[in-house]
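Written below as structure tokens is the structure these notes are about.
The values are calculated or read from the model by the stated rules, or taken from the named source; none is laboratory data. Worth saying up front: this structure is predicted, and the values here are computed from it rather than measured. Heads up, the Cβs are rebuilt from the backbone with ideal geometry, glycines too, and the neighbour counts pull from every protein chain shown. Side chains included, ligands, DNA and RNA excluded: accessible areas come from the protein's heavy atoms. Shrake-Rupley method; radii C 1.70, N 1.55, O 1.52, S 1.80 Å.
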Amino acid sequence: MRYHLTLLLLFATGLAHADTLRCGNKLVYEGDVIPLVEERCGKPTHISHSTILRIPTVWHNGRPYQLSNQEVVVPVETWIYNFGPRKFMRKLRFEDGVLVEIEVLEYGY
């Protein structure tokens, strides 16, 4: 019951997070790269570009290690897929060419 209430609240706000996106009979996962997502889902309805600053970090044995204290510029692309009025739109966020977030939006148009 508690799970259903949480899910209902997420959809009531119009936003929910997902780990995968289905495009036809293919799936896209967080961690996939831009060319693979475009191959499986086609071109998005909208793309926006920005950048963020981040301290370079590598993960080894499940632990993060900072490579330096200098921030580097990381390119960010946000893609919107509009699948029509009977399906929810999706917002995909790529950082440095890697899919880091899939967000469920409201119904398309």
* For peptides 52-64, 69-81, sequence by mean Cβ density within 10 Å, most packed first -> 69-81, 52-64
* Asked: Can you tell me the Rg and Dmax of the range 35-109, counting just the alpha carbons, in angstroms?
  -> 15.5, 48
* Asked: Given a 1.4 Å probe and every protein chain left where it sits, what share in percent of the accessible area of the range 15-77 is carbon and sulfur?
  -> 53
